Each structure stands twice: as C-alpha cells, then as structure tokens.
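The values are calculated or read from the model by the stated rules, or taken from the named source; none is laboratory data. These numbers come from a predicted model, not from an experiment. Methodologically, a virtual Cβ is constructed for each residue, glycine included, from the backbone with ideal geometry; neighbour enumeration extends over all protein chains shown.
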C-alpha cells in the first residue's frame, strides 16, 4: 500500500513536526514507525467496519422475520450481502483478524454506528433489487461491496468517527480509499488473503524510508551548508520550513539512495510540494534542486546503480 512517495511524505511530516535534534534519532524512528503503522491501522479499521456492516444483514434478516406485518420485501429478503462468495472472502481473512487484535480495532467501532450505516444502505433501490434476485454474478457482488464503501466515504457519521480515532486521516484518506477499492475488486480470488499485499515491506519502509529519515536528521548542518549557496536572492530564514526540509530530503536521497535516479527524486519532491507547500514552491524546489544536481554531477558526487539508471 505504501509507495515511496507515501514514505517520503511520512518522513517529511515526522521531521516537520519536530525540531532537529541529532541526539533524539530514536524518537524520530519511533514517530516514523508509528506513522507507518497508523496507515495500516486505518485500512484495518475500514475493512473491519465493512465486515460488520455485512454481518448486520443477518440481524436485518432476523428483524424482518419476526415483524408482525412484514412487507413483500421483508418476505423476500435474504442476507446475500454476507453469504455471497466475495463477501465471505472478505470475512475469512486471517491476517485481518490478526491485525484487528493487534490494533484493538473493535474497541473503536460502535455497533450503533454500524446499525445506522447498514439501515441507510438498506434503503438503496439497487440493494433491494439485489437481495430479491435469485442469483448474483461475481461482478454484481463486487459492485454491491463497492457501493457500500462508497456510502461510507460519503457518510458524515463514518467520517467523523474515523477522524476522532485517527488524526492522520486527512493525510491517509486517499491512500486508504485507493487500497480499499483495490481490495474489494480482488475478492474474486480464491485462497488469497488480500491483506498480505498491504503490509508495509522492509525495503520501502526500512531500507528507503528509515535511511532517508536518519540521514536527513543526522546531516542537517552539512545539508544546510550545501543548499544555502543555491538560494541566491532567498535568505535562509525566509525559506518556508517545509520547503527547506524537502530540499534536505531530496539532496539526501540523491546522495544516499543509489537505486533511485536523480530525475525521479526531483520530480517526486516537486509533486509533494504541490500538496504540502505554497503555490510557488514547485518552481522554487525544481529550480534549486536542478542547480544542486548539476553541481553534484560535475563534481562526480552522484553515484547511481542498477539497470537503466542515469543521473
């Protein structure tokens, strides 16, 4: 789930949220790992909410069964939202159970909220036609699951609840929403635990992200000395703090991460600046980094390895 861009952003946020202190590297590492874990935790939370909404269809079936004056829809109701094969693939994830216990996810989910979300969805005409139908295709089952998740993303109660539990929701929302949609579309696969593809891998999180974090913090002074001559008409004190951190990270990546081409690094930080800094930052970041890269190239200080890599 976590791309290198996501990891860059998390490193940026950890450094931006703290004053540079070379003696507190362990604190930076802890904050960084917490940030990484939080993204996975929000995904687990979202999946668990989905599971509980699907399971509530059994309660709905029981409630309809014992109505004194059931409607025609009540008589035709079947809990196919839960019993179809794709939903069962979602319900049977062993990894999801493991991480639900690890993050104590169920303590953050209010059953009354689940009831309200399900009842809102139960009024949907497509859902009514769905549970009345005798048979369903894989595509129809997945479309219904996607429709439930779409309801969640637009539901005020769900968004307020997730914001209350996870302060990083604004930063992680697009990441988690994208992962949820991919997971739902993958539920047609048998004997496949979908969550395994979303557990952060060491290559991205440790070898890249933690290396970037530690090297940027430890070499803060030398990075400032390298960057300052390229600021030209900009005094160091006038440079936005977040822009300066991005420059430090980019230079660190250029010099320390041999597997990533400099052009990729430059483009990545320009893109990140569009999201997290001012309107003029992309031109500023692009111009400064371009000049730094040219200087470092001329001094043969950039070493890149791997197939197809160039400066």
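Miscellaneous remarks
- Options 107, 83: the member that is modelled with pLDDT of 95 or more, loosely packed, with under 12 Cβ neighbours inside 10 Å and assigned by TED's automatic domain parsing to the domain that holds residue 162: 107
- Within region 277-311, the set of residues being assigned to a helix (DSSP H, G or I) and modelled with pLDDT under 90 comprises 281 only.
- Candidate set: region 134-157, residues that are in contact (Cβ under 8 Å) with a residue 12 or more places away in the chain and either over 17 Å from residue 55 (Cα atoms) or not assigned by TED's automatic domain parsing to the domain that holds residue 49 (or both); chosen: the one farthest from the chain's Cα centre (by Cα): 136
- Residue among 47, 69 that alone is more than 15 Å from the chain's Cα centre (by Cα) and under 26 Å from residue 124 (Cβ atoms): 69
- Residue within region 233-243 that is buried (at least 19 other Cβ atoms within 10 Å of the Cβ) and farther than 22 Å from residue 35 by Cβ present: no
- Selected residue (criterion: surrounded by the most Cβ atoms within 10 Å (Cβ to Cβ)) from residues of region 175-222 that are under 17 Å from the mean Cα position of the chain (by Cα) and not in a helix (DSSP H, G or I): 200
- Residues that are under 28 Å from residue 173 (Cα atoms), under 29 Å from the mean Cα position of the chain (by Cα), exposed (fewer than 12 other Cβ atoms within 10 Å of the Cβ) and not assigned by TED's automatic domain parsing to the domain that holds residue 12 do not occur anywhere in region 244-258.
- Residue pairs meeting the criteria (Cβ under 7 Å; at least 6 apart or on separate chains; first without any contact (Cβ under 8 Å) to a residue 24 or more places away in the chain, in region 176-191; second surrounded by 13 or more Cβ atoms within 10 Å (Cβ to Cβ)): 186/194
- Breaking point among (1) modelled with pLDDT under 95; (2) more than 21 Å from residue 293 (Cα to Cα); (3) outside the structural domain of residue 50 (by TED's automatic domain parsing), for residue 235: (2)
- Scan of region 223-232 for residues that are buried (at least 17 other Cβ atoms within 10 Å of the Cβ) and over 28 Å from residue 305 (Cβ atoms), ordered by number: none
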